[in-house]
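To start, the structure under review is shown below, and the notes come after it.
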Amino acid sequence: MLERELLTKALNAIAQEDYPLHSRVHQLASLDSCYIKREDELGCLLSGSKVRKYRSLVAALKQRGHKKVGLIGSQFSNHVLGLSSLLRENAIEPTLFLLEAKNPPSAGNALFIQLFAAKNNIRLIAREEWHLVHEIASKSHLDCIIPEGGQVEDSVAGLTTLALDILHNETQTGLTFKEILIDSGTGLTAASLIAAYGFLNKEAHIHVMLAASTCDAFNQILKKVKQTLETITGMPIQHMPRYTLHAPTCAKAFGSTNATIFNTIKSTAYSEGVLLDPIYSSKLYLLLQKLLAAKELSGPTLFI
């Protein structure tokens, strides 16, 4: 495929770290014609899209000689935790601007984050001031500021490896995935998948579950990602694949959970041997079940 060769060549011309980029696909035992792409197996602190986006983001920070980098996120952020560890690995000092939790946490990510950043480099921002976080961070004399979720152009090249890896999975399995389900926080990963499929002239119906965004915000991100990928490749994207934006089927507010979510995690662990998380993948799995029940999916389906 000419487009695949062109995209691979363009990505090879961009500096990327040697982080894992191939994850396996296997069939879901309890759902007919449904397969799961195990992005969760790409790392420990880091998994899935984060491993991919940091391939090009960390490489760009190193190329520019940045030594003091600000990160924005919550006290529980997987993004802040994972990227802080990689910055430390590369002798880059992280300064954290964290949304202060209602009840001071002392476990999970909030605890682990403190292992990677100096105490005087962790600044808690009250919720009522959170809308000023970028302004606050900009006054701290840092080399650069990375927003929530690593939503910057430098992340797009690494994220584009997801589309190429799905092509690799299709070659290995002999399948063509006609339906793809992916969750979305800031939207950068899902938008990069859609744009890459557009460049590759690859047909699939991509279902995006918006866990923390709106349709308008996602479409704006997609527009920017498309432009970035066109710049990377030097070629226009003429045709975008079909995509549908979905709200979560339950616990719709970002970060919210309920009994259905935890029952889904429990049942899926038992039936599939897969551990879902309560914020993203469990809600995506519930969407998969809903679409299957409504007979809205046709052909092999890939759950990312």
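The values are calculated or read from the model by the stated rules, or taken from the named source; none is laboratory data. Bear in mind that the values here come from a model prediction, so they are computed numbers and not experimental data. In this analysis, Cβ positions are derived from the backbone assuming ideal geometry, glycine residues included, and neighbour counts consider all displayed protein chains. In case anyone asks, the SASA skips ligands and DNA or RNA and just uses the protein heavy atoms, side chains included. Shrake-Rupley method; radii C 1.70, N 1.55, O 1.52, S 1.80 Å.
Excluding ligands, DNA and RNA, the accessible surface per residue across the range 36-165 is 46 Å² with a 1.4 Å probe. When the convex hull of its Cα atoms is viewed from all sides, the chain shows a mean projected area of 15.6 nm². Protection proxy ranking, highest mean first, for peptides 75-81, 260-266, 290-296: 75-81, 260-266, 290-296, where packing is the per-residue count of other beta-carbon atoms within 10 Å, averaged. Of the residues 51, 22, 12, the one whose Cα sits farthest towards the positive end of the charge dipole of the range 11-64 is 12 (charges of +1 on Lys and Arg Cβ, -1 on Asp and Glu Cβ, taken about the Cα centre).
Cα to Cα, under 22 Å, and not fewer than 8 places away if on the same chain: which lysines meet these conditions relative to residue 102? By straight Cα distance, residue 102 reaches 119, 252. Here the Karplus curve 6.51 cos²θ - 1.76 cosθ + 1.60, taken at θ = phi - 60°, turns the phi angles of the range 166-172 into couplings of 5, 4, 4, 4, 5, 5, 5 Hz, with x standing for Gly and Pro. Taking each residue as 0.36 nm, the span from residue 2 to residue 118 lengthens on full extension beyond its C-alpha to C-alpha distance by 36.9 nm.
Along the Cα-to-Cβ line of residue 203, 7 Å from the Cα, sits a label point; which residues in the range 221-252 have backbone N less than 15 Å from it? Backbone N within reach: 239-243.
Mean separation of Cα pairs under 8 Å and 6 or more residues apart, divided by the residue count, gives the range 1-100 a relative contact order of 22 percent. Taking every C-alpha pair closer than 8 Å and separated by at least 6 residues, the mean separation divided by the residue count of the chain gives a relative contact order of 19 percent.
Looking at the range 228-304, the accessible area is 53 square angstrom per residue; that uses a 1.4 Å probe and ignores ligands, DNA and RNA. Restricting the calculation to alpha carbons of the range 146-304 gives Rg and Dmax of 15.8, 49 angstrom. Inter-label distance, residue 175 to residue 88: 3.8 nm, where each label sits 7 Å from its Cα along the C-beta direction.
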